[in-house]
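J.: Take this structure first; my questions come after.
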Amino acid sequence: MISAGVRQLACRGEEMSALLVICGFTIALPMEALTIWPDMAAKTIIKPAQSAPAVGPYNHAVRIGDFLFCAGQIPLDPATGNLVSGDIKAQTQRVLENVKAILDDQKLTFANVVKSTVFLTNLADFAGMNEVYARYFTTDFPARSTIQVAALPKGASVEIEVIAHF
């Protein structure tokens with residue numbers, strides 16, 4: 001992911017310029033050059049109607065420019081808001097269906113996902129999770145990290161977050 005932002009404005013004589021910071025590099029640009037990124041800072045909150053309510057003070061996803069940053073999804077049944085029962089495969093399927101609901105809401109697919117992060121409470125569950133994961137991500141796989149954690153909300157065994165590109 002490329003992070004960018006305007007750090008400060010600088011005045012050189014009568015010309016105003018912006019110092020644009022991209023991946024730690026600072027570039028001085030004339031102010032009119034910033035108009036090519038009019039929506040760079042626009043933040044759109046995404047709350048899909050078919051998703052279970054968030055279990056805390058966060059949103060399901062946030063769109064900034066051409067990127068969609070999805071909050072980690074746990075295996076909540078959207079109809080009841082309760083954790084689904086079952087093994088890691090059942091929980092992973094529900095998690096990825098929850099991710100799919102967010103992507104569908106924005107007219108995206110798993111092919112648009114560029115990065116995923118999987119949180120497991122037990123790395124011994126990796127093979128089962130990966131089997132289900134491979135049914136959703138079938139080609140042009142995203143970059144992925146998998147991390148073992150001590151615990152997840154509501155006692156879930158798996159949580160997955162994604163970043164997608166429009």
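J.: Can you report the number of residues in region 109-132 which are under 21 Å from ASP87 (Cβ atoms) and free of Cβ contacts under 8 Å to residues at least 40 places away in the same chain?
T.: Count: 9.
J.: Return the pair list, or none, for Cβ contacts closer than 9 Å from residues in region 77-91 that are assigned by TED's automatic domain parsing to the domain that holds TYR133 to residues that are of a type in the set (Val, Ile, Thr) and assigned to a loop (DSSP other than H, G, I, E, B), at least 6 apart or on different chains.
T.: Partner pairs satisfying both residue conditions: ASP77/VAL84; GLY81/VAL55; LEU83/ILE74; ALA90/VAL84; GLN91/ILE74; GLN91/VAL84.
J.: Scan region 51-64 for residues that are of a type in the set (Gly, Ala, Ser) and modelled with pLDDT of 95 or more and jot them down.
T.: ALA61
J.: Which one of these is crowded, with 22+ Cβ neighbours inside 10 Å, within 22 Å of ILE46 (Cα to Cα) and in contact with an Asp or Glu (Cβ under 6 Å, 6 or more places away or on another chain): ILE74, ILE88?
T.: Exactly one of ILE74, ILE88 is crowded, with 22+ Cβ neighbours inside 10 Å, within 22 Å of ILE46 (Cα to Cα) and in contact with an Asp or Glu (Cβ under 6 Å, 6 or more places away or on another chain), namely ILE74.
J.: Under the condition of being among the small types (Gly, Ala, Ser) and surrounded by 11 or more Cβ atoms within 10 Å (Cβ to Cβ), which residue from region 126-156 is nearest to ALA71 (Cα to Cα)?
T.: ALA156
J.: Is it true that some residue in region 99-111 is touching a strand residue (DSSP E or B) at 6+ places or on another chain (Cβ under 6 Å), surrounded by 21 or more Cβ atoms within 10 Å (Cβ to Cβ) and modelled with pLDDT of 95 or more?
T.: Yes: one or more hits.
J.: Scan region 136-159 residue by residue and report those that are touching a residue at least 40 places away in the same chain (Cβ under 8 Å) and under 20 Å from SER85 (Cα atoms). First the steps, then the outcome.
T.: Residues of region 136-159 touching a residue at least 40 places away in the same chain (Cβ under 8 Å): 136, 152-159.
Within region 136-159, LEU152, PRO153, LYS154, GLY155, ALA156, SER157, VAL158, GLU159 meet the criteria.
The values are calculated or read from the model by the stated rules, or taken from the named source; none is laboratory data. Note that the structure is predicted; figures quoted are calculated from it, not measured. Cβ coordinates were reconstructed from backbone atoms using ideal geometry, including for glycine residues, and neighbour counts include every protein chain displayed.
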